[in-house]
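Only one structure is covered here, and it is reproduced in the block below.
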Ligand SMILES: [Zn+2]
């Protein structure tokens, strides 16, 4: 598969300043890692078979999810919880994984005298439930209902405004106590959610190789290499998986997006950070018209923007060919390639600038790129994600070899 044979070398970024990522720490400094959930139960009908494991963690669970998930899952989750005489209550995280929702949920947890939080749903429902459990110092069970993110695995929550604009992320002190990956449940989600999950998981390689590709740290090297393995699995199996939901290839791709993507975040820890793809996502969340696009769809588009920046500002030919390969892969599986594909074909120049300025704010992970980026340059990259690869030419019009400094 030619697509997976490119960009396999770890970029040399010895000139990059890693001080902000803590890479210059003395080797004896204390390392705190949350690598994985304490237990993962995975399989067909996994939810029905998890009742004992849930009951070991608490007797009075508060189930946190979105309105629709809670309504449709009552029939499925209720018998599971009642089997062990668990006294449960449920609460919605709507309107978003926001500070207002969290304070309402804290009251719900207190009034139910909850001793366990169960998060069920997509990334935002799980992020809310994890942060609620952390704040209430209660154990947490995550039950993903789609393959759209690795939120069921990670010790991280993203906080948004009530309107859905990304605000900041919070590191939690451990990964969930129990993750239940029920393939039957995941299979009921729209296909589009798994496609988005593939986009989010692919970003691990394109971002980790830039932020941490030259790290000498054993666990970071391991995380970056796992990100490459993850990318290759997705390149090889995604098209088959999407053709036949429930098949072996489909299950492997679900494992890749929900579990292996989480392993990389866990192993890499705070040093193995996101770069421009997620920064572009974060900027786009501030445009109301971007709210219909899923997290992983915006991130997938953000990967193309990141590669375009490397191409435009660094003359990086490797990035140019990686972008062409991704465009081919995206059209095979249906990931968005342009602002138009994200439903943003009619945004104004002012809106584009706003998203670019937020993505370039001083604390943004976009500044982990090994060169400076300003909003004008980012805007140019955002509108040219599908442009054909330009050949570098000398002033005389001769093609020159570009030395790859990355
Ligand atoms: Zn993501």
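Look at the alpha carbon pairs under 8 Å that are at least 6 residues apart: their mean separation over the length of the range 274-406 gives a relative contact order of 34 percent. Anisotropy class assigned to the range 284-366 is oblate, per the alpha carbon gyration tensor with a/c at or over the 1.5 cut-off and a/b no larger than b/c.
Put in order of Cβ neighbour count within 10 Å, fewest first, the listed residues 88, 168 become 168, 88.
Our analysis of the range 191-269 gives Rg over Rh at 1.02, with the two radii drawn from alpha carbon positions and Rh computed by the Kirkwood formula. Sorting 248, 357, 207 from the fewest to the most surrounding beta carbons within 10 angstrom yields 248, 357, 207.
Using a cutoff of 8 angstrom between alpha carbon atoms and counting only pairs six or more residues apart, the relative contact order for the range 191-269 works out to 38 percent. Of all DSSP beta bridges confined to the range 40-189, the antiparallel ones make up roughly 20%. Here the simple spin-label model places points 7 Å from the Cα toward Cβ, and for residue 168 and residue 383 these points are separated by 3.4 nm. Quote the FRET efficiency, to the nearest 0.05, computed for residue 53 versus residue 361 with a Förster distance R0 of 45 Å and r equal to the Cβ-Cβ distance. Computed FRET efficiency for residue 53 and residue 361: 0.60. Once you order the gyration tensor axes a ≥ b ≥ c over the Cα atoms, which shape class does the chain get: rounded for a/c under 1.5, otherwise prolate or oblate by comparing a/b with b/c? In terms of gyration-tensor shape, prolate.
Taking 8 Å as the Cα distance limit and 6 or more residues as the minimum spacing, I'd like the relative contact order of the chain as a percentage. So the answer I get is 17 percent.
Checking the a/c ratio against 1.5 first, then a/b against b/c, what shape does the Cα gyration tensor give for the range 134-264? Provide the component values of the computation, followed by the final result.
Working: a/c = 1.62, a/b = 1.08, b/c = 1.50.
Oblate, since a/c reaches 1.5 and b/c is not below a/b.
Temperature 25 °C, viscosity 0.890 mPa s: under these conditions the Stokes-Einstein estimate for the range 40-182, based on its Kirkwood radius over C-alpha pairs, is 167 µm² per second.
Quick note: the coordinates plus some simple rules give every number you see, no bench work behind them. Here the structure is a predicted model, which means the values were calculated and not measured. For neighbour counting, all protein chains shown are included, and Cβ atoms are generated from backbone atoms with ideal geometry for every residue, glycine included.
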